[in-house]
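Provided herewith is a single structure, encoded as structure tokens, for subsequent inquiry.
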Amino acid sequence: MIRQIDILRQRCVRLIKDLGLFERIVGAVTLVALAYGLTLVGHGAYIKVKAQVAQVLLERAWQRALDGEAAPRAWPWADTWPVAKVTVPRIGESAVVLAGASGEALAFAPGYMAGTPRPGDSGTGIIAGHRDTHFAFLKEVIAGDNFDIVTADGTSRYYTVTGTQIVHAGNSGIDPHAPGRRIALVTCFPFEARERGPLRYVVHAEEVQRIAESKL
């Protein structure tokens, strides 16, 4: 009987020791997970702050463009500059548009695709932007909506949305040289997708004469 009690005691001691080791392992793993989580949160906060600061700098560069400065860069190493601003009054959204659709440009704002007609010129100008940031509002735009495009020289153009379309990136059907004065706002599709696919969402619009508001 004494022998059995001694064996049971030894087993309990080993179990306690093993449990202590297990708890230490769990504690270490928890600390590592916590540190990793804080790193992710910190990185996310950094990205968010960086984006907010970038928008402030872009707005300042846009104001300098309106003041007459040629190709004002939002930060010294930028390879692009503001060339226009799009405003959709019905949904209260606007975005500064940068020259070209390079990776850096699209990371911070929509880009006006090089080689396509400028606002006011004959043809179809193309402005591209990311679906999850600056052009996320395109999913709210509908036929009949109006929007303004102000260019760096201060000229304002007025457009009416004629329709929206889902197209393949390799076969968009957008002809920059088609008759008329049009703008195509383009982003990836579907809006909720995380991976970039072959589909694009296009908002088609044509320039129209702004109707002056009557004064009572």
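The values are calculated or read from the model by the stated rules, or taken from the named source; none is laboratory data. Everything numeric here is computed off the predicted structure, so don't read it as measured data. Positions of Cβ are generated from backbone atoms using ideal geometry, with glycine treated the same way; all protein chains shown enter the neighbour counts.
Looking at A178, A143, which one is without any contact (Cβ under 8 Å) to a residue 24 or more places away in the chain and either aliphatic (A, V, I, L, M) or in a strand (DSSP E or B) (or both)?
On inspection, the qualifying residue turns out to be A143.
Also, quick follow-up: Exactly one of these conditions fails for S156: (1) under 20 Å from the mean Cα position of the chain (by Cα); (2) modelled with pLDDT of 95 or more. Give me its number.
(1) is the only condition that S156 fails.
Additional query: Pairs under 9 Å by beta carbon, first residue of a type in the set (S, T, Y) in the stretch 189-216, partner assigned to a loop (DSSP other than H, G, I, E, B) and at pLDDT 90 or above, six or more apart or different chains?
Y201/R131; Y201/F135; Y201/F189; Y201/P190; Y201/F191
What about L138, is it part of a helix (DSSP H, G or I) and out of contact with any Asp or Glu (no Cβ under 7 Å at 6 or more places or on another chain)?
yes
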